[in-house]
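Data block below; observations after.
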Amino acid sequence: MTNTPLKRTPLYDAHVKAGARMVPFGGWEMPVQYAGIVQEHRAVRGAVGLFDISHMGEFEIEGPDALAIVQRLCTNDASALAVGQVQYSLLCYPEGGIVDDLTLYRLADDRFMLTVNAANIDKDWQWVTAHGEGAARWNNVSEETALVAAQGPKAEALMERLVGADVTRLPYYRFVRGTVATVPALISRTGYTGEDGFELYVPAPRAEDLWHALLEAGRPDGIQPIGLGARDTLRLEMKFALYGNDIDETTNPLEAGLGWVVKPAKGDFIGRDAIETLRTRGVSRRLVGFEMVEPSVPRHGYRLLADGAPVGVVTSGSFGPAVLRYIGMGYVPPALSAIGSALDVEVRGRAQRARVVRTPFYASKVKKP
């Protein structure tokens with residue numbers, strides 16, 4: 001049995017030269033940290049951080065039936081998108097479980113792009129091409145596309161210096177095409193951190209040019225390259241779900257608090273009946289955010305207890321460098337999902353006290369219309 005070699009993004013050499021610690025992630029060799037997770041986390045919250053997320057996948061669909069196909073595949077209502085607008089959505093199985101979560105871009109009236117999770121690229125591609133038939137053409141542009149994110153309160157000023165257009169007027173979850181430091185890019189005001197920022201889709205051969213230009217231009221702002229470790233703690237403070245941890249094929253969107261991206265009124269889509277049946281019946285568990293009362297790290301997979309009995313597991317957990325608390329997420333019965341509900345986390349055989357709290361843990365700084 002041979003091991004499949006790890007894939008590398010176009011920025012692999014830049015990470016190694018910068019001293020990043022590289023680790024396997026979703027079939028890729030990725031930087032987990034450079035200067036350290038806490039320092040990188042605080043750089044994003046206080047200044048600006050630069051992320052390589054080129055391992056994400058991008059699928060394009062174009063043709064007269066493109067909208068109808070996307071509507072059939074995705075839970076959200078793509079017809080509500082104007083050209084130049086982005087939408088968070090889900091792919092679901094007929095039974096209601098989640099194939100993947102994604103961002104959907106309307107590139108033209110009859111052309112869309114789906115940005116999917118790195119570990120799910122092959123699975124998602126098989127799913128959309130098998131279930132997205134019609135008068136439209138699918139194109140997997142993942143390998144030819146690099147994706148870089150600049151996130152933080154100083155990201156807007158950095159982008160303004162490097163972009164030929166006035167990106168300061170670009171609303172949240174909108175995009176434009178332009179150039180960033182002479183590199184052609186799709187400039188999207190989106191992110192996974194809770195901070196204002198941009199995600200930049202560029203041709204893979206130009207990724208290093210863009211990366212170094214951003215680092216150089218952002219030096220006066222205290223820009224830092226950011227690894228997967230801080231990306232994880234940043235999204236956790238926002239209670240953003242991570243596929244494979246907080247949501248997966250066993251998770252119904254309603255359990256995960258993602259009912260807001262399920263639009264049954266738009267018409268039929270894969271998983272609609274199962275989701276609506278559960279909506280009528282009621283969920284048996286809910287994804288909650290909790291904080292530790294006793295200081296201890298609530299790691300993924302640790303058991304959640306109530307009165308000594310198991311009631312769920314931690315799906316994500318860590319120290320929150322911006323909120324200065326040990327925080328986590330997990331599924332619990334509805335009766336234990338109310339704010340203030342007492343839980344215990346089993347840490348190395350010992351029950352450590354925790355309580356359900358209001359989320360997100362961190363107040364988002366995203367500029368919304």
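By the Cα gyration tensor, the stretch 12-158 has an equivalent ellipsoid whose semi-axes, rounded to whole angstrom, run 32, 18, 14 from largest to smallest. Rounded to the nearest 5, what % of the DSSP beta bridges within the chain are antiparallel ones? Counting DSSP beta bridges with both partners in the chain, the antiparallel share is about 95 percent. Taking a ≥ b ≥ c as the square roots of the eigenvalues of the alpha-carbon gyration tensor, the stretch 210-351 is classed oblate because a/c is 1.5 or more while a/b is no larger than b/c. Summary value for the stretch 57-140: 41 percent relative contact order, contacts being C-alpha pairs under 8 angstrom separated by 6+ residues. The GluC sites (Glu not before Pro) found in the stretch 174-266 that occupy coil by DSSP, while having at most 16 further C-beta atoms within 10 Å, are GLU249.
A Förster distance of 22 Å, applied to the separation of the beta-carbon atoms of ARG358 and TRP260, puts the FRET efficiency at 0.85.
In plain terms, the chain from GLU133 to LEU6 could stretch by 42.6 nm, reckoned as 0.36 nm per residue minus the Cα-Cα distance.
Taking 7 Å steps out from each Cα toward its Cβ at VAL176 and ALA108 produces label points 2.1 nm apart.
Between ASP209 and ARG325, the FRET efficiency from the beta-carbon distance, with R0 = 35 Å, is close to 0.30. Here the contact order of the stretch 276-346, divided by its residue count and restricted to Cα pairs under 8 Å and six or more residues apart, works out to 37 percent. Can you work out the FRET efficiency for the pair VAL366 and ASP268, with r the C-beta to C-beta distance and R0 = 41 Å, to the nearest 0.05? That gives a FRET efficiency of 0.80.
Size descriptors for the stretch 295-335 (Cα atoms only): Rg and Dmax, in that order, 10.9, 32 Å.
Listed from fewest to most Cβ neighbours within 10 Å, the set CYS74, CYS92 follows the order CYS92, CYS74. In terms of overall dimensions, the C-alpha atoms belonging to the stretch 284-369 reach 45, 28, 20 Å along their principal axes, ordered largest to smallest.
In whole angstrom, how far apart do the alpha carbon centroids of the stretch 171-243 and the stretch 27-57 sit? Cα centroid to Cα centroid, the span is 10 Å.
For the chain, relative contact order (Cα pairs under 8 Å, six or more residues apart, normalised by length) works out to 18 percent.
Segment ALA35..ARG303, full-extension length gain: 93.3 nm, with 0.36 nm per residue of separation and the alpha-carbon distance subtracted.
Put in order of Cβ neighbour count within 10 Å, fewest first, the listed residues TYR173, TYR105 become TYR173, TYR105. Mean residue ellipticity, 222 nm, helices only, the chain: the sum of -39500 (n - 2.57) across DSSP H runs of n ≥ 4, divided by residue count and rounded to 500, is -5500 deg cm²/dmol.
Taking label points 7 Å from Cα along the Cα-to-Cβ direction, ARG219 and GLU143 give a separation of 3.6 nm.
For the chain, the equivalent ellipsoid derived from the Cα gyration tensor has semi-axes of 31, 28, 19 Å, listed largest first.
Throughout, read-outs are computed from the coordinates displayed, never taken from laboratory work. Just so we're clear, the structure is a prediction, and the values are computed from it rather than from any experiment. Glycine gets a Cβ as well: all are built from the backbone with ideal geometry, and neighbour counts include every protein chain shown.
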